[in-house]
Structure formats: structure tokens, C-alpha cells
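Visitor: First the structure, which I've put down as C-alpha cells, then a few questions once you've had a look.
The values are calculated or read from the model by the stated rules, or taken from the named source; none is laboratory data. Everything numeric here is computed off the predicted structure, so don't read it as measured data. Note that we place each Cβ from the backbone using ideal geometry, even for glycine, and neighbour counts take in every protein chain shown.
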2 protein chains.
Amino acid sequence: MPIENLRQLYQKIIERYRDFSLLTSIESLLFWDQQTMMPPAGVEIRGLQRSLTERFKHRIIRSRELGNLLKEILAHPDFSSLTQVEQRNIELIQRMHREAVAVPEKLISEIKRQETTTVSKWLIAKKRGDFKVVEKELGRLIELNRELSRLLMDEKEVSTLYDALIDIYEPKVSTEVIDPLFSQVGGRLRMLIDRYESEENFFTSKEMDVERQRELVLKVASFLGYRFDGESAWGRIDISEHPFTSGKYNDVRVTVHYRPGDFTYALFSALHECGHALYDHNLPEEWFFTPVGEPCSYGIHESQSRFVENIVGRSPEFWRYLISILDKLTNGKVNSDVLPEILREVNRVRRGKIRLEADEATYGLHIIIRYNVEKELFNGDLKVSELPSVWEEQYSEYLDVEVSDDREGVLQDIHWYIGAFGYFPTYLLGNLYSTIMLQVINRECKGWRNELEEGSLIRVLNWLKNNIHQMGKLYDPLVLIQRIGGKVSHQPYIQYLEDKYKGLF
Amino acid sequence: MPIENLRQLYQKIIERYRDFSLLTSIESLLFWDQQTMMPPAGVEIRGLQRSLTERFKHRIIRSRELGNLLKEILAHPDFSSLTQVEQRNIELIQRMHREAVAVPEKLISEIKRQETTTVSKWLIAKKRGDFKVVEKELGRLIELNRELSRLLMDEKEVSTLYDALIDIYEPKVSTEVIDPLFSQVGGRLRMLIDRYESEENFFTSKEMDVERQRELVLKVASFLGYRFDGESAWGRIDISEHPFTSGKYNDVRVTVHYRPGDFTYALFSALHECGHALYDHNLPEEWFFTPVGEPCSYGIHESQSRFVENIVGRSPEFWRYLISILDKLTNGKVNSDVLPEILREVNRVRRGKIRLEADEATYGLHIIIRYNVEKELFNGDLKVSELPSVWEEQYSEYLDVEVSDDREGVLQDIHWYIGAFGYFPTYLLGNLYSTIMLQVINRECKGWRNELEEGSLIRVLNWLKNNIHQMGKLYDPLVLIQRIGGKVSHQPYIQYLEDKYKGLF
């Protein structure tokens, strides 16, 4: 009887979460449709629809009824008879519930409103190239997020405001972990950049008409096992201004963007988004719409896209396979004779001002700068008005470039202006995680690079599926890394870059 | 103070309805996406998403809280100080609430489940051409719908089971109204058919490649003012197995289907769906997401699609305008020399077994048969097992055709197998309404046919917008017809057909 009661409690809690998760999947569709299909005049209605799903999700997760069910199940004498997965589900729902309850609804809606105001000011500021236009609104948004962090600190058991924000995206990864990691990786990256930076354009014949680029993208997606065609398709490939992946489980859609002057842009976008998509699709079916059926963290998600885009997609082995496809597609214009130049081109190291144009080595420094600035904003006493000058200093120090235009400076990324503070570090963590996985894969899938050259990535894809994707959110990211036999360190990333650059330059 | 309280009550009720209505708009997107874009493997998740929105809608509308708010506002001493529109909103929400409360949730979910079972059996039955395969499941579905009608009869203040079902689609239109109307229209249609039926194929060169058909569809949509292109677009045109219209207000999407052997199929589909779409788009902006901001009824909706498809789209004037477009599109293959033949072809009268292939004259008889059968099923003592034989008798009597295969008989339409009983009569009512409107338009927009020939329908479109679309659901259908100066009768429809046929044959 008490055990039966435990099962009923568990089912009730999971059912409530299922609705929450289904609403998230509806949100994904609303977003995807808005970016790809929606007629422009539909934008206002779409806003209402999206705020409704958000409101309903919030209502579910902070409901007193859910709180009581959680209290009851956690106090149940047989709680420990639940499986590990079930206990983890309860733990994750409990986390979400406590955090939702800790934040007054009024603050949530103030933040939402301030995000809308700030991002629209950002658009104007970016057009004018003048940070001052958005300074005040960004300041308010930061103030509201400080308030949010203060409220979350206890629940998240962290000791600084910034840590509470990072924890939203990367659970249980704190500045205490990141500080030494980023400091070491930063130092080593700067040495690498000094050694390998080049002003040379190794390969410039990157024009390709959009139809052929699409063919290339489809080939690459198929190669990765992304199913966008036929009766068993679980994905589709459309066009949007900025590439993204949307959806989960058996409906995961990616978008790309074609630049007629540079086929590698769509190619790497497709590789990147398919990396995300495989993760979202490979989550275990028996966990669908439960917390453990979610991806582990933003950083782990990014590790999957970067594994496919960079470790696979910028490797000599992949290009030795791809070149015959390109040869056919371009009627011999891009052929194996130019392979060495292409490889140098897609791995070229060059300091710059724009994060989205950065290579694998300089990219880390772009993130470290943002991390430093965010930390100072929330844990230090950096003022919003000082952002452009601090940005300038940091870029001069880390990347030796002179930023004089806010457009190419503090206004370049949307993240802060939509209130996504603490998000940036997950990008570099993704790079680091991906190379930690690479070291394990090198041990456990010996010979995979030779297979890649022959056109098969199957063993690596299966490894990622079994060891990362199928783990869902069963573990927090650092535990997951530990469980695959990895250790969080800067070393694998630096080693990976050094090995590659040594062979190429 | 009491007035202030009245306003607050009103706002609270409207806010709850707004969520209901937004969920409906999300449902539309889920449906549209499923028919046009969704990867096949997503079907299960889509089912869960759609049942969630349905569940949430049901929860809103039958909530005790809403019931109390309604009770309070209706008992408020100043209720009559609300505007007509506001009072109508309360009346409509009250209707929905009372009906929702009258039906136990258990019955609703039983019906849903039985619909799913029945429609999947129907697919098998249709493949095999054997009604017996689905007979038992259809019987259960009818039984459950009888139970539903019994529960709704009081709320709807109707005196028969079938009337309760009709009222779901066509509020306040009862068998008492329909019986004499359909009987008269049926008799007159049979006389018309006797006079004008023809076995001749007047025009057979209807092949057109899909690209050109698409061009034609876009031209016609533009002509009607359906905006699918550019920054102010509020619609889009995609392809689906069966053409449909989806959405409301500033996001109304239509689909068409191209038959390479017959360009008139896509043409008339586009005209039909654009007729629906204009209605859904032209609902008054200040009423968005309130009950009066909905279309009036299924029959009135159908009158709009049929007005555009038939009254406009099959008129000599429209074709005299269209022929120069077709001439260019087909490099002279379809030109003004064949205009008389085309006009006879698209208005040809011929008895047949299939509703969806029927012309304007025989179509009414197909509906009358279904109406008779539904009425006997719910108000008489017709047994499900007798359906095929009754169908055969009716088709023999009304249309003089011999139905020997259930596929072309009682299995041809999906409606009953998804539990849509009482829906069919709205199709013929739509035809009748549309010609009642035509008579008013003939008086109020004198010369419109000449303008149409010159390529402008603007005065008629504005009339429909101002007199029908902008009225939303402010009036029930028969009141709306009265208010535009019309009278529900078979006469306008018969007159319209006679006038047209006399000129053509």
C-alpha cells in the first residue's frame, strides 16, 4: 500500500512535468515556424502564443500542488526504493520547482518586459553603432538579473551572483571551476596563436551556387545519419537568417544559411546544427518528456555540435573523403589538388574582433573576454557605462586588435541584450568537453580517423550516442565527463589544436 | 464602484477566453505543420501536443472559477450597461461553459478514443471496400454521440438529438428550419438536373505543368487580395494532400493540391480556400481572441468559400478576365476561342456517386442524402448495419445512380468516422447563404459583374468584408442573414443556377 502510494505520487509528478515538457516542444515549433515559415504579419499573434506557453509552463512548475506532491514523495519512507532514474527525475523537478517558487512572478514579468525593451534598443544601437543608445536599458536588465541571481543563490547553493547565472545553463559548474580552466586555456591559446597565426588566404575559390550548396548540405547531413527524407524522416533542413536547431526526439529540425560566395559557411553550419540535432534525437525513448530525457547542459550540447563541426568537419580525414563529392559537384573546380590549401583555409588562425568569425584557437579568447566582463559586472564593480572601454582593453590585451566601433565591439552579440548572462562560458566549455571526449574516443574507437577518410563515422557516432546522448540529463555535466573517463582540463583542447596545426602549417 | 467591479469581472472573463482562443490558434499551427511540413516520425509527439492543447482548452472553459465569474457578471445589477458586443461575448462564453460542464470529462475522452479507433478502422474498410470492417466501431461512436446529444439538448434548448448535433456547427439552425428548406431545394434541383444534365465532355485539354499551375494560383490569390508575399504578407500557400485553410487574423494559411492533368482542380481549390481565408483574416481587429471575433458558423464560412469558388470562379465574367492570363501561361493553348467550352465544362451538370466530384446542382442532393441519413440515425431508428443499403436506396432515388461498392458509397467521406455528425448540412446551407448574399450584392453593388470582367472584384470583396466578415460572431447565422436584408429560402440558389445554366447550355 505505501509502495503503491509512492508509485502514484511519482506518476502524478511525472504527468505534470510531461505537460511542461510538451509545452516546451510546442514552443520549439512556434519558434521554428517564426524563423522559417510564418507570414510577417503574424508576428504579434506569435508573441501572444509564445507568452501563453511560457506562462502555462511557469504555472505548472511553480504550482503549490506540485510542491506538495514533491514534499510528500521526498518524505516517503520508501523513496529510496525508486530507481536511480526516478530519483533523478524527482531531484530535477524539485530543483526547478524550488527555483521557480523562489522568484516572484512580478520579477519574471519585469525581466521579460525589460528584455523586450532592451533588445529593441540594441537593434537601434547596433544600426547607429552607438552603445550609449542601449546603455540605460541594459543597465536595468542587469540590475533585474542581479536581483534574480540573489534570489537563486540559496537554491543553487552557490556563493556568487555570477555563479547563480552560470548554473542556469551549466548546472554545478562554478567560477571556481572555470577560473583556473579558462586562465590556463587562455594562456596556452595565446601561445598557439602566436605560433600559427597567418595573414595568408590559402584558398579563395569558395563560390558555389545555392542549389549545389544545398546538395552538399544534404550529402553531409545524410553522412551524419540525420534523416530528413522519406517515410522515416525525423528532421528537415530549411533556410533561416541564422542557422539553428529546434525540437527534440522524433522531430528535430535544422536550418542553414547559404552564402553564394562561400560554400564552407553552409557546410560548417550544417555540420554544427546536425551535431546538435543528433543529440536531441538520440535521447532515450523511454525517457521522453521526463527531466532525464532532456540534454545534459548547454555546454554538453555545444560539445556535440563542435565535435561534428570542428573535430570531424575540419579534419584532414573528413576532407579527404569530402573532396571527391566536391569534385563532382563543382565539375572538377574543387579537386584533390587544392586539398592542402582548403585544409589550411578552414583551419587558418587569425586574430579578429568578431566572435562569430573566429577560428578554433582565437574563439576561446573571445569567450574568455566575455566571461571576464560578465564576472566583473555581477561579482565585481564594473559599471555598464564602462563596458565599451573595458571591451576595448580586453580585446587589445587578449587579441591585440583595436576596437573602435561598438558594432564590432560590445554590440556584436545579442546575448546580453536578451538577458542571457552566464551563457557565453558554455561555448568554450563545449570546446573543452568535445576534446575530452575525443581523447576517450581515440582510446575506445581506435582507427576511427582512417574509417572517416573512407567515408564512415559510424563508430564515433555510436560512441557519442551511447555515452553522451543516451545519458540524457541523468548526470550533471562534470559528472558525465567523469563517467566517460574524462577529466576537465585545458590540456586535451590544446593538445588537439597543436596536433592538427603541426600537421597543417 | 459596482460599475468598476463589472468591468473587472468582464476583463477577467475575457482574459480566460483569450487563453482558450490562443490555444486554438496554436492548434491550427500544429495541424497546418502536420499536413505540410512535419517530418513523418514526428506524428506521435504531434498527437501528444494536440491532445495537450485540447485538454487545456477544456480545462479553461469548464473551470469552476469561470463559472463563478459568469454567474457573478450575469447577476450584476449593471450588466445591461455593457455594450451589445460585450453582452454577446458573455452570452457566447456562457453557452460554451454550460455545454462543457454538461458533458462529463469521461464521455469526452471516450468519444476522443472512439474517434481514433473508428477512423483507423475506416481506413482499412476503405482500402478493402467493406463497410462491415468499421460497422461495429462506427456504431459505438454513434452511441456515444447520442449520449452527448442527450446531455446537450437542454443547454441548447433543442427538441431532438440530431438538432443538438447540428447546433454545434450551425447555432440556432434546427431541423425545423432545414427540413422544408432542403425538401424544396431538393425538388427544384432535381428538375434543374433533369433539364441540364449532360454526358458531354466540353473541354478536355486541362493538362498544365505544376510550375504554371502554381503561377496561376498565385495570380488568382493576388486578384482576391490574399497576401502571401512581401513584408506585409498575412498568408502563405503550400501543398497538402487535401486543400485546407488554417489560422485566423494576421496568419491565415491555405494549401492547394496540384493535379498535372487538370489545372482547374488547383484553380478552384485556391478560389475556395482563399474565400475561407479572407473571412478569417477580415475579422475585426478590436475583437481578436474574443468570442465575437470568431467566424459566425460553419455554414456562413462555407458560404464565403463557395461565393468565391462558384459564384465568382465559375462565372462567365471571371473567365473572360482569366482567359488572357491562361493564354499567356499556356502560350496560347488555352485561349478565348475555347472560352465557351471551358465555361460549359466547369459548370457541367452530371449525376454521380462522389460528393467531392459533384457540380453545383447535384452537390445539394449529395448533402440532402447525408442529412436524411443522419436524421434517421439520431432521431429515427435507422441501424448502423442498414447504412449501406439505405445509402444505395437514397442514391438511386435522388441521383439515379447505382452504388455497389462501399468505397464509392457510405465510406467515401471521413466525417462520420471522426464523429462529425451534423456537419454535412452546413455545406448546403453555405450554398444557400451564398446566393442569398448574391441577391443583396446584386442590389447593392450594381454592375459588379462588368467590373469582374475587367479584372476587379473590389466592391464585392468589400461588401463581404463589411457585411459578413466584420460581423464576426456577433449574430447567429439566421440573424446575420436577416440583418443583411436576406431571407433564408431555396429560391435564390435555384434562381442563380437557372440564370447561369440558361446562358450556358
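Visitor: Is it true that residue B:324 is within 15 Å of residue B:472 (Cα to Cα) and more than 14 Å from every other protein chain (Cβ to nearest Cβ)?
Guide: Working: within 15 Å of residue B:472 (Cα to Cα): no; more than 14 Å from every other protein chain (Cβ to nearest Cβ): yes.
In short, no.
Visitor: Say whether the condition of being facing another protein chain (nearest Cβ under 9 Å), surrounded by 17 or more Cβ atoms within 10 Å (Cβ to Cβ) and at pLDDT 95 or above is met by at least one residue in the range A:64-78. Reasoning before the result, please.
Guide: Initially, the range A:64-78 is screened for residues facing another protein chain (nearest Cβ under 9 Å), giving none.
The answer is no; no qualifying residue exists.
Visitor: Looking at A:189, A:144, A:152, A:216 in this structure, which one is of a type outside the set (Val, Ile, Thr), in contact with an Asp or Glu (Cβ under 8 Å, 6 or more places away or on another chain), more than 26 Å from residue A:295 (Cα to Cα) and at pLDDT 95 or above? Explain how you work it out, then say what you get.
Guide: On the way: A:189 fails: in contact with an Asp or Glu (Cβ under 8 Å, 6 or more places away or on another chain); A:152 fails: more than 26 Å from residue A:295 (Cα to Cα); A:216 fails: in contact with an Asp or Glu (Cβ under 8 Å, 6 or more places away or on another chain).
Going through A:189, A:144, A:152, A:216 in turn, just one is of a type outside the set (Val, Ile, Thr), in contact with an Asp or Glu (Cβ under 8 Å, 6 or more places away or on another chain), more than 26 Å from residue A:295 (Cα to Cα) and at pLDDT 95 or above: A:144.
Visitor: Considering each of A:289, A:263, A:268 in turn, give the residue that is surrounded by fewer than 23 Cβ atoms within 10 Å (Cβ to Cβ), more than 14 Å from chain B (Cβ to nearest Cβ) and among the hydrophobic types (A, V, I, L, M, F, W, C).
Guide: Values: A:289 fails: more than 14 Å from chain B (Cβ to nearest Cβ); A:263 fails: surrounded by fewer than 23 Cβ atoms within 10 Å (Cβ to Cβ).
Exactly one residue qualifies, and that residue is A:268.
Visitor: Right, another one. Collect the residues in the range B:246-265 that are of a type in the set (S, T, N, Q) and either under 19 Å from residue B:325 (Cα atoms) or free of Cβ contacts under 8 Å to residues at least 60 places away in the same chain (or both), keeping them in residue-number order.
Guide: Residues satisfying the conditions are B:250, B:264.
Visitor: Still on this structure, please answer the following. Can you work out which of the residues in the range A:403-436 that are of a type in the set (S, T, N, Q) and buried (at least 20 other Cβ atoms within 10 Å of the Cβ) is nearest to the chain's Cα centre (by Cα)?
Guide: Per the stated criteria, the residue is A:426.
Visitor: Only one of these is away from chain A (no Cβ under 14 Å), within 30 Å of residue B:29 (Cβ to Cβ) and over 21 Å from the mean Cα position of the chain (by Cα): B:211, B:207, B:200. Name it.
Guide: Working: B:207 fails: within 30 Å of residue B:29 (Cβ to Cβ); B:200 fails: within 30 Å of residue B:29 (Cβ to Cβ).
Exactly one residue qualifies, and that residue is B:211.
Visitor: Another one. Which residues, counting only those in the range A:242-252, are within 13 Å of chain B (Cβ to nearest Cβ) and under 30 Å from residue A:453 (Cβ atoms)? Walk me through how you get there before you give the answer.
Guide: Pass one, the range A:242-252, residues within 13 Å of chain B (Cβ to nearest Cβ): A:246-252.
The one that is within 13 Å of chain B (Cβ to nearest Cβ) and under 30 Å from residue A:453 (Cβ atoms): A:252.
Visitor: Go through the range A:245-259 and count every residue that is in contact with a Pro (Cβ under 8 Å, 6 or more places away or on another chain) and more than 13 Å from residue B:45 (Cβ to Cβ).
Guide: Number of matching residues: 4.
Visitor: Here's something else I'd like to know. Only one of B:11, B:49 is facing another protein chain (nearest Cβ under 10 Å), more than 21 Å from residue B:102 (Cβ to Cβ) and either modelled with pLDDT of 95 or more or over 26 Å from the mean Cα position of the chain (by Cα) (or both). Can you tell me which? Lay out the reasoning, then the answer.
Guide: Working: B:11 fails: facing another protein chain (nearest Cβ under 10 Å).
None of the others qualify; the one that does is B:49.
Visitor: Moving to a separate point now. Any residue in the range A:77-100 that's in contact (Cβ under 8 Å) with a residue 24 or more places away in the chain: show its pairings with residues that are surrounded by 14 or more Cβ atoms within 10 Å (Cβ to Cβ) and among the aromatic types (Phe, Trp, Tyr) at Cβ separation under 7 Å, as long as the two are six or more apart or on different chains.
Guide: Pairs found: A:82/A:10; A:86/A:10; A:93/A:17.
Visitor: Now a separate question. Which one is nearest to residue A:293 (Cα to Cα), of the residues in the range A:444-495 that are free of Cβ contacts under 8 Å to residues at least 40 places away in the same chain and acidic (Asp, Glu)?
Guide: Going through the qualifying residues, I end up with A:444.
Visitor: Residues being assigned to a loop (DSSP other than H, G, I, E, B) and surrounded by fewer than 20 Cβ atoms within 10 Å (Cβ to Cβ): count how many of those fall in the range A:154-174.
Guide: Applying the first criterion (assigned to a loop (DSSP other than H, G, I, E, B)) to the range A:154-174 yields A:157-160, A:170-174.
Then keep just the ones that are surrounded by fewer than 20 Cβ atoms within 10 Å (Cβ to Cβ); that gives A:157, A:159-160, A:172, A:174.
Selection size over the range A:154-174: 5.
Visitor: Of all residues in the range A:136-153, count the ones that are farther than 19 Å from residue A:99 by Cβ and buried (at least 18 other Cβ atoms within 10 Å of the Cβ). Full working, then the answer.
Guide: Step one: filter the range A:136-153 for residues farther than 19 Å from residue A:99 by Cβ, giving A:136-143.
Going one step further and asking which of them are buried (at least 18 other Cβ atoms within 10 Å of the Cβ), we end up with A:137-138, A:141-142.
The number of residues fulfilling the criteria is 4.
Visitor: Against the conditions (1) under 26 Å from residue B:244 (Cβ atoms); (2) surrounded by fewer than 19 Cβ atoms within 10 Å (Cβ to Cβ); (3) at pLDDT 95 or above, where does residue B:113 fall short? Just the number, please.
Guide: (3)
Visitor: Still on this structure, please answer the following. For the subset of the range B:203-233 comprising residues that are assigned to a helix (DSSP H, G or I) and of a type in the set (A, V, I, L, M, F, W, C), which member is surrounded by the fewest Cβ atoms within 10 Å (Cβ to Cβ)? Step through it out loud before you land on a result.
Guide: Restricting attention to the range B:203-233, the residues satisfying the condition of being assigned to a helix (DSSP H, G or I) are B:210-223.
Now narrow it down to the ones that are of a type in the set (A, V, I, L, M, F, W, C): B:210, B:216-218, B:220-221, B:223.
On the way: B:210: 13, B:216: 22, B:217: 23, B:218: 15, B:220: 21, B:221: 22, B:223: 20.
That would be B:210.
Visitor: I would also like to ask the following. (1) at pLDDT below 95; (2) of a type outside the set (D, E, K, R); (3) more than 30 Å from residue A:249 (Cα to Cα): which one isn't true of residue A:230, the others all being true?
Guide: The failed condition is (3).
Visitor: Looking only at the range A:15-46, count every residue that is under 27 Å from residue A:290 (Cβ atoms), within 8 Å of another protein chain (Cβ to nearest Cβ) and free of Cβ contacts under 8 Å to residues at least 24 places away in the same chain and tell me the total.
Guide: 2
Visitor: Does at least one position in the range B:53-62 carry a residue that is buried (at least 17 other Cβ atoms within 10 Å of the Cβ) and away from chain A (no Cβ under 14 Å)?
Guide: Checked against the condition, which is being buried (at least 17 other Cβ atoms within 10 Å of the Cβ) and away from chain A (no Cβ under 14 Å), the range B:53-62 yields at least one hit.
Visitor: Would the range B:129-148 turn up any residue that is closer than 27 Å to residue B:19 by Cα and of a type in the set (Gly, Ala, Ser)?
Guide: Of the range B:129-148, the ones closer than 27 Å to residue B:19 by Cα are B:148.
Pick out the ones that are also of a type in the set (Gly, Ala, Ser) and you get none.
The answer is no; no qualifying residue exists.
Visitor: So, in the range A:214-241, how many residues would count as being more than 14 Å from every other protein chain (Cβ to nearest Cβ) and touching a residue at least 24 places away in the same chain (Cβ under 8 Å)?
Guide: 9
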